[in-house]
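Enquirer: Mind having a look at this structure? Questions to follow.
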Amino acid sequence: MKLETILNKFFGYTNFRPGQKEVIEKVLDGQDVVALLPTGMGKSLCYQLPGYIFNKPVLIISPLLSLMQDQVDQMKQFKEKRVIALNSFLNPAQKRATIQHLHDYRFIFISPEMMLQEQVQHKLNSMELSLIVVDEAHCISQWGFDFRPDYLRIGQVIAKENRPPILALSATATDKVLGDIESYLSMENPYKFIHSVDRPNIHLGKIQFQSREDKIEWLLDHVTKTAAPGIIYTQSRSKTESLGRRLLQAGIACAAYHGGMEPLDRQFIQQQFIDGSIEWIVATNAFGMGVHKQDVRQVIHESLPSNMANYMQEIGRAGRDGKDSLAILLYAEGDEELAKFVGIDDYPVDAHVDSYINYRIRNELPTSMIHNGEISETAFRVLDYWMHQLQPAQVKQRLTSMKYEKIRSVEEVMKLINTDTCMREKLVHYFGQTLENRPSDCCQCCGIDYENIIQSRKMNESTSIVLNWKNRIEKLLLGNS
C-alpha cells in the first residue's frame, strides 16, 4: 500500500509536506534518522504514521510537561485512545497503573528524567518498541550541558542490542548540535534530512538604544500602537513581571510567564493566549514549546538572547500560519555583559568540585551540598553528571570550557546586532546553510518598513486581563466572555 494511501486513511491528507515522506521511509526501513523541519512543518506526523504502520508502541522523549500534554490532547481529539504521557502530573497510583500497562499504549510520551527511573527502565526493557523518538532534540546539546544532564544519558539507556530505530526531531541545529545529537543518542550512521531554517515570512528588525529605559519606552509605545498577538522575550523572571505590569497599566491585555510559576497558572496563561483573551505574553525562554498558536504576528526580544539557536527557535514561533510576521531584536549598551553573566551565573566552579570530593572522602552524600546551601540544585545536577564521567581535574577543565562556550555564544548574537549586511543571510549561514532568496522587507540592514508587515492596533481590542482565579476558571471551563 502506498504511503499516501495510508496517510489519507489515518490523517485525511492526500500529500506529504516537504521532508515528511523521506523521513518516514527511512524510519520504516529501520534506519536512524535526524530530521530538521521548521516549526509548523508537521514533525509529529513523522512518528505518528510509522506508529500506525508498525502497530507497536512508539516511545517519544519530550522536554516539557506542557508539550507532552498538548500532544496527547491533540491526538485524543483525533480519536487516538492509546496515547499516554508518563509524567509527574500522574499521582503515585496512576503512575504505577500506567507503568504496569505501558505495553498497551501505541504512543508513550516521557521525559528523560522519568525514562531513567529504574522501574520505568525495567518496564521499557521488557517491551518491544517500534520506534524511539527524541522530540526537540536540540535540547540534548542546549539543555543537557546546562541544567538537564539526564539528556546526555539517554543514549546509555537506549543503547542495547536489537533496539528500534531512533528518530531525532528538531527545527534548528548547528553542525555541532547535530554532532551532539548523533553522539549522545548513540545513533548508527543516521540519515539526515535538513530543511532550510529560513522563514521568508518572518521579517527581521533590530533597534539599538542608548539606555535600557529608552528601550522599554520604545517597547511600550510600539506595543500599544501595533497589532497583536505577540511574544516579548526577556532574560529574567523579575523583568517579565515588571514589564508585564507596565503593559497592563498601558491598557494592554498581557500576562507574564516564567518557569517559577505554578504549572496550573502557566496552563491558564497559555490557553488564554491561544484563545485570544491575551494579546501579549511577556516571557522568559520557558515559553514557546508546545504552544501551538498559528497567528503570532510579532516576537520581540527585549533582552539579548543567550545564543543564536535560542533566537532562531524563539522567532520561529511567529507566523506559523505562513502570513507576514515581525521579529524585532532590541539592544541597549551593556546587554551583552548581562547576557554573559546570566549564562554562566549558575554554573559549578572549581570550589564545588573540591567540595564534592571532600563529601565523598568523609563518606557523606554530595547532595548535602544542596541542603547546606553551597550550590543550587541545577548546578549540582551538572556537577554530579560530570563527576561520574571524568576525573576531577578534567571536570574543572570541562566546566571552564563550557563557560567560555556560553560567552562565545553571546558574542555570536552580538554579530547580528553589529552587522550592516543582511541579518537573514548571517542567521542562515550560522546554521551552515546558504540563503537562496531575500523577501521584500527582508531585514533592518536590507531595508524594512514595519508598517508593511504589521497593522495598527485596533483600539477596541481587549484592554484588561486582570482576572481572579474564579473568573479565569469560569472563562476557560464555562466559556464565559
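Enquirer: Quick one: which residues, 5+ away or cross-chain, put their amide H under 5 Å from the amide H of ILE300? H built at 1.01 Å from N.
Expert: Residues meeting the criterion, in which the H sits 1.01 Å from N, are ILE231, ILE232, TYR233, ILE328.
Enquirer: Once the piece of chain linking GLU451 and GLU412 is laid out straight, how much longer is it, given 0.36 nm per residue of separation minus the C-alpha distance between them?
Expert: On the way: separation 39, 0.36 × 39 = 14.04 nm, distance 2.92 nm.
Once the chain is fully extended between GLU451 and GLU412, it gains 11.1 nm.
Enquirer: HN-Hα J couplings of region 438-454 from phi, Karplus 6.51/-1.76/1.60, θ = phi - 60°, integer Hz, Gly and Pro as x?
Expert: My calculation for region 438-454 gives 9, x, 5, 6, 4, 7, 4, 7, 7, x, 8, 10, 4, 5, 6, 10, 10 Hz in order.
Enquirer: Continuing with the same structure: Consider the candidate values (1) 26.8; (2) 20.8; (3) 24.5; state which one is mean projected area of the Cα convex hull in nm² computed from the structure displayed.
Expert: Step by step, mean projected area of the Cα convex hull in nm² for this structure corresponds to label (3).
Enquirer: Same structure, new question: Pull out the extension gain between ASP346 and ASN125, defined as 0.36 nm times the separation in residues minus the alpha carbon to alpha carbon distance; nm, one decimal. List each step's numbers first, then the result.
Expert: Details: separation 221, 0.36 × 221 = 79.56 nm, distance 3.56 nm.
This chain segment gains 76.0 nm when fully extended.
Enquirer: Around ALA85, which amide H atoms from residues at least 5 apart in sequence, or from another chain, sit under 5 Å from its own amide H, with H modelled in the peptide plane?
Expert: HN-HN under 5 Å from ALA85: PHE109.
Enquirer: Taking a cut-off of 23 Å between Cα atoms, list the lysines near LYS206, but don't count ones fewer than 8 places away on the same chain.
Expert: LYS215, LYS225, LYS239, LYS323, LYS340, LYS406, LYS415, LYS426
Enquirer: Give me the lysines in straight-line cross-link reach of LYS123: C-alpha distance below 18 Å, same-chain residues under 8 apart excluded.
Expert: LYS56, LYS95, LYS160
Enquirer: Quick one: putting +1 on the C-beta of Lys and Arg, -1 on the C-beta of Asp and Glu, what dipole do you get for the chain around its Cα centre, in Debye to the nearest 20?
Expert: Working: 54 positive and 59 negative charges, 260 e Å.
The calculation lands at about 1240 debye.
Enquirer: Can you list residues whose amide H is under 5 Å from HIS203's amide H, if they're 5+ apart or on another chain and H is modeled 1.01 Å from N?
Expert: SER325, LEU326, ALA327
Enquirer: Ok, one more. Please turn the phi angles of region 122-138 into ³J(HN,Hα) values with the Karplus equation 6.51 cos²θ - 1.76 cosθ + 1.60 (θ = phi - 60°), one per residue in order, whole Hz, x for glycine and proline.
Expert: 4, 5, 4, 5, 8, 9, 9, 7, 8, 6, 10, 10, 10, 7, 6, 5, 4
Enquirer: Could you go through region 376-385 in sequence order and give the Karplus-derived ³J(HN,Hα) for each residue, using 6.51 cos²θ - 1.76 cosθ + 1.60 with θ = phi - 60°, rounded to whole Hz, and x for Gly and Pro?
Expert: Per residue, the Karplus-derived 3J(HN,Hα) values read 6, 5, 4, 5, 5, 4, 5, 4, 4, 4 Hz.
Enquirer: Please work out the C-alpha center-to-center distance from region 54-117 to region 378-437 and express it in whole Å.
Expert: 32 Å
All of the numbers you see were taken from the coordinates with simple rules; none came from a lab. A quick note: this is a predicted structure, and the numbers were derived from the prediction, not measured. Positions of Cβ are backbone-derived with ideal geometry, glycine not excepted, and every protein chain shown enters the neighbour counts.
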